[in-house]
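Report on the following structure.
The values are calculated or read from the model by the stated rules, or taken from the named source; none is laboratory data. Values in this document were obtained by computation on a predicted structure and should not be read as measured data. Quick reminder, even Gly has a Cβ in these numbers, built from the backbone with ideal geometry, and neighbours come from all protein chains shown.
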């Protein structure tokens, strides 16, 4: 039999600029950006991040994934020199790699503080939840380089805050604060810097208390119907509801409600 070799084997052997921690007891995994002081994201790192999300999506120990960073900044963006050196084929995959949190079936949280620029912002936008700290600054500064966002940033931002505000951010390379990000609906919370870890932990615990099957279903349904007409979205919602109605988790949830106890979900 021919032995198959995949690029992923070598790519994951030596993570570039970040680490991964799995806490099975808390059912969480942390992807930790660790290239201080600015946690610049290299081209190789983008490929690795995609593979890590795909691996964690298959890991039964993990219910929730957190993306966070070491130091005072989440990420000031990508390796500028790397864009010039990369082949057109590699550059064309940038958005696919950074969209890995969207494709992941599990909830993904971005814990942001300090600079969250360029691909750092785009990676956060691809997550399901963003928690901003008081020091957070978000920006897509590519116009200053004679470029535009290339990893889904302008497209995702427009869906969240509308075309007018997105033009203001993208075309002026404008920085927005964590407070403004919360006011505009980009972040689900804005907390003091010292409270970022506590707020992240609380959201992880909350998400882990729900049915993993219902969580995966809700995430996929919302992603799949983002651009769908209302009638189609309602139709798909109905099919998903019908499917979950026959699940063990739904029966457990109903029993727990009537018995006035905490439900114990198993994801089946």
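Tabulated values for the structure
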item: Some residue of segment 76-85 being within 30 Å of residue 215 (Cβ to Cβ), in contact with a strand residue (DSSP E or B) (Cβ under 8 Å, 6 or more places away or on another chain) and buried (at least 22 other Cβ atoms within 10 Å of the Cβ); result: no
item: Answer residue from segment 154-182, given it is over 22 Å from residue 135 (Cβ atoms) and touching a helix residue (DSSP H, G or I) at 6+ places or on another chain (Cβ under 8 Å) and is surrounded by the fewest Cβ atoms within 10 Å (Cβ to Cβ) among those; result: 171
item: Members of segment 246-261 that are within 24 Å of residue 105 (Cβ to Cβ) and exposed (fewer than 10 other Cβ atoms within 10 Å of the Cβ); result: 246
item: Single residue of 222, 236, 213 found to be within 24 Å of the chain's Cα centre (by Cα), surrounded by 12 or more Cβ atoms within 10 Å (Cβ to Cβ) and in contact (Cβ under 8 Å) with a residue 40 or more places away in the chain; result: 213
item: Of residues in segment 194-204 being under 17 Å from the mean Cα position of the chain (by Cα) and in contact (Cβ under 8 Å) with a residue 24 or more places away in the chain, the one surrounded by the fewest Cβ atoms within 10 Å (Cβ to Cβ); result: 197
item: Residue within segment 92-100 that is assigned by TED's automatic domain parsing to the domain that holds residue 169, closer than 25 Å to residue 193 by Cβ and surrounded by 24 or more Cβ atoms within 10 Å (Cβ to Cβ) present; result: no
item: Scan of segment 20-53 for residues that are assigned to a helix (DSSP H, G or I) and without any contact (Cβ under 8 Å) to a residue 60 or more places away in the chain, ordered by number; result: 24, 25, 43, 44, 45, 47, 48, 50, 51, 52, 53
item: For residue 73: the one exception among (1) touching a strand residue (DSSP E or B) at 6+ places or on another chain (Cβ under 8 Å); (2) part of a loop (DSSP other than H, G, I, E, B); (3) under 25 Å from residue 8 (Cβ atoms); result: (3)
item: Output for segment 172-182, where each listed residue is touching a strand residue (DSSP E or B) at 6+ places or on another chain (Cβ under 9 Å) and over 24 Å from residue 192 (Cα atoms); result: 173
item: Sole residue being touching a strand residue (DSSP E or B) at 6+ places or on another chain (Cβ under 7 Å), touching a residue at least 60 places away in the same chain (Cβ under 8 Å) and either in the same structural domain as residue 133 (by TED's automatic domain parsing) or under 30 Å from residue 251 (Cα atoms) (or both), chosen from 169, 191; result: 191
item: Every residue from segment 188-213 that is touching a helix residue (DSSP H, G or I) at 6+ places or on another chain (Cβ under 6 Å) and either part of a helix (DSSP H, G or I) or modelled with pLDDT under 95 (or both); result: 213
item: Odd one out for residue 185 among (1) within 30 Å of residue 266 (Cβ to Cβ); (2) surrounded by fewer than 16 Cβ atoms within 10 Å (Cβ to Cβ); (3) under 18 Å from the mean Cα position of the chain (by Cα); result: (1)
item: Residue identified as at pLDDT below 95 and assigned by TED's automatic domain parsing to the domain that holds residue 187 among 129, 83; result: 83
item: Among the residues listed as 114, 17, the single one being farther than 22 Å from residue 207 by Cβ, without any contact (Cβ under 8 Å) to a residue 60 or more places away in the chain and buried (at least 22 other Cβ atoms within 10 Å of the Cβ); result: 114
